[in-house]
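Q: After the structure tokens below, expect a handful of questions from me.
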Amino acid sequence: MRPLTFLSDYGTDDEFVGVVHAVIARLAPEARVIDISHGIPRHGVLQGALTLARTLPYAPAGVHLAVVDPEVGARRRAVALRTGEDRLLVGPDNGLLLPAAERFGGIEEAVEISASPWRLEPVSATFHGRDLFAPVAARLARGEPLAAAGAPIEPVELVPLDLPGPRRDGAGLRATVVGVDTFGNVTLLADHGDLAAAGLRIGDPVAVSAGGRDLRAVYARTFADVAPGDALVYEDAARLIAVAVNTGDAAAALGVRAGQVVALAAP
């Protein structure tokens, strides 16, 4: 029995997460299910993909179910993938699974599961997490072969993920917000090398701006390097650049959410 991880944008106010767990429990009652997160921003494919890629290396090899699916019921495919370490990823073909697959050496086998013989009938047009992804993930967790889940496809046919990389802006940098955590820390799709290329070094002051709001921050290693209430720019645990206010809320101060752009520059 393979362990099974589960990530989605379902939230926990409704029954969606519980119903997916219930389907898995009926088909694979001995499977251990690890909930990675169900707080991905609604329809946040990019945020879900990056969360999956940075967390799965800490999870045991097994089946990894991910559902962030704004095109559910449309023509997008549903897929299951095998990567290195014999990991199996199940979810929509919208780029959500690809960064995680790359972390494990790329895709070794791919099948389309949209018409999987393992699906629950009738299949809802709006809840493929219950009727399609959950039963496929559960059967794979039981050890059933990937080839039996659907029809083979070439990995090159999968829909790529658009990663909005950082852009130089004069002497500064513009980067996309890819996450806001419960502390209000703002994660950007940029890394230490991007700040170095913009001439910013640890200890430097940094002007942070977004949507007409500004923060005066310091490029620091950790929160304790600045006084409570002061802002900092730092490298987070996923080695991405983030903006925070020590004991405060940087997202509220800047008025930003996932998908918006933040500018960083020497003042």
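Q: Run the simple label-point estimate for residue 121 and residue 109 please: 7 Å along Cα→C-beta, distance reported in nm.
A: Reported label-point gap for residue 121 and residue 109 is 2.6 nm.
Q: Additional query: Quick check: net charge around residue 45, other residues with Cβ under 12 Å of its Cβ, Lys/Arg +1 and Asp/Glu -1?
A: Working: positive: 42, 76; negative: 9, 69, 71, 93, 162.
Charge balance near residue 45 sits at -3.
Q: Here is a follow-up. Using amide H atoms built 1.01 Å from N in the peptide plane, name the residues 5+ places from residue 191, or on other chains, whose amide H lies under 5 Å from its own.
A: Those lying under 5 Å, H to H, from residue 191 are 241.
Q: Now a separate question. Using a 7 Å offset from the Cα along the Cα-to-Cβ direction at both residue 221 and residue 171, what is the distance between the two label points in nm, to one decimal?
A: Between residue 221 and residue 171, the simple spin-label model gives 2.7 nm.
Q: Could I ask something else about it? So what is the 222 nm mean residue ellipticity for the chain from helices alone, if each DSSP H run of at least 4 adds -39500 (n - 2.57) and you divide by all residues, rounding to the nearest 500 deg cm²/dmol? Mind showing how you got there, number by number?
A: On the way: 6 runs with 48 residues, N = 267.
The helix-only estimate for the chain comes to -5000 deg cm²/dmol at 222 nm.
Q: Quick query: amide H of residue 204 versus all other amide H atoms, modeled in the peptide plane; which residues come in under 5 Å with a sequence gap of 5 or more or a different chain?
A: Here the answer is 219, since their amide H atoms fall under 5 Å of that of residue 204.
Q: May I pose another question? Compute the signed sum of charges (Lys and Arg +1, Asp and Glu -1) over the other residues within less than 15 Å, Cβ to Cβ, of residue 128. Write down the numbers at each step before the final one.
A: Values: positive: 75, 76, 77, 119, 130; negative: 9, 69, 71, 93, 112, 121, 131.
Taking every Cβ under 15 Å from that of residue 128, the sum is -2.
Q: Taking θ = phi - 60°, what integer Hz values does the Karplus form 6.51 cos²θ - 1.76 cosθ + 1.60 yield along region 163-180, in sequence order, with x for Gly and Pro?
A: 9, x, x, x, 10, 5, 9, x, 8, x, 9, 10, 9, 7, 6, 10, x, 10
Q: For the residue pair residue 154 and residue 12, what label-to-label distance in nm results when each label sits 7 Å from Cα along the Cα-to-beta-carbon direction?
A: If labels sit at residue 154 and residue 12, their model points lie 4.4 nm apart.
Q: Between helix 45-55 and the chain, what is the angle of the helix's C-alpha long axis to the longest principal axis, kept within 0 to 90° and rounded to the nearest 10?
A: 90
Q: Counting pairs of alpha carbon atoms under 8 Å apart in space and at least six apart in sequence, what relative contact order in percent does the chain give? Could you put the intermediate results ahead of the total?
A: Numbers: 606 pairs, mean separation 41.7, N = 267.
Relative contact order of the chain: 16 percent.
Q: Bin all alpha-carbon pair distances of the chain at 10 Å intervals from 0 and give each bin's fraction as a whole percent.
A: The distribution over the chain is 7, 29, 29, 19, 13, 3, given as percents.
Q: Further question: Compute the signed sum of charges (Lys and Arg +1, Asp and Glu -1) over the other residues within less than 11 Å, Cβ to Cβ, of residue 237. Let's see the in-between values first.
A: Details: positive: 54, 239; negative: 181, 235, 236.
Spelling it out: positives minus negatives among the neighbours equals -1.
Q: Highest GNM mean-square fluctuation, the chain, Cα pairs closer than 10 Å: which of 14, 93, 131?
A: Of the options given, 14 has the highest mean-square fluctuation.
Q: Report, in degrees rounded to the nearest 10, the 0 to 90 angle that the Cα long axis of helix 16-27 makes with the longest principal axis of the chain.
A: Tilt of helix 16-27: around 40 degrees.
Q: May I pose another question? In cubic angstrom, how much convex hull volume per residue do the alpha carbon atoms of region 167-265 span?
A: Values: hull volume 8.1 nm³, N = 99.
So the per-residue hull volume is 82 Å³.
Q: Can you figure out the FRET efficiency of residue 237 with residue 1, using R₀ = 35 Å and their beta-carbon distance, to the nearest 0.05?
A: 0.70
Q: Taking region 128-213, which trypsin sites (Lys or Arg not before Pro) meet the DSSP loop condition and have no more than 12 other C-beta atoms within 10 Å?
A: Here the trypsin sites (Lys or Arg not before Pro) that fit, given the DSSP loop and packing criteria, are 201.
Q: I'd like the distance separating the alpha-carbon centroids of region 233-261 and region 116-164, in whole Å.
A: Computed from Cα coordinates, the inter-centre distance equals 34 Å.
Q: Moving on to the next point. At most 15 other Cβ atoms within 10 Å and a DSSP loop assignment: could you name the trypsin sites (Lys or Arg not before Pro) in region 48-95 that fit?
A: On the way: sites: 54, 75, 76, 77, 82, 87; in loops: 75, 76, 77, 87.
Of the trypsin sites (Lys or Arg not before Pro), the ones in loops of region 48-95 whose Cβ has at most 15 other Cβ atoms within 10 Å are 75.
Q: I need the Debye-formula profile for region 4-157: one equal scatterer per C-alpha, no solvent, reported as log10 I(q)/I(0) at q = 0.17 1/Å, two decimals.
A: Evaluating at q = 0.17 Å⁻¹ gives log10 I(q)/I(0) of -0.89.
Every number here is computed from the coordinates shown, using simple stated rules; none is lab data. Computed from a predicted model, the values in this text were never measured in an experiment. All Cβ positions, glycine included, derive from the backbone under ideal geometry; neighbour counts span all protein chains shown.
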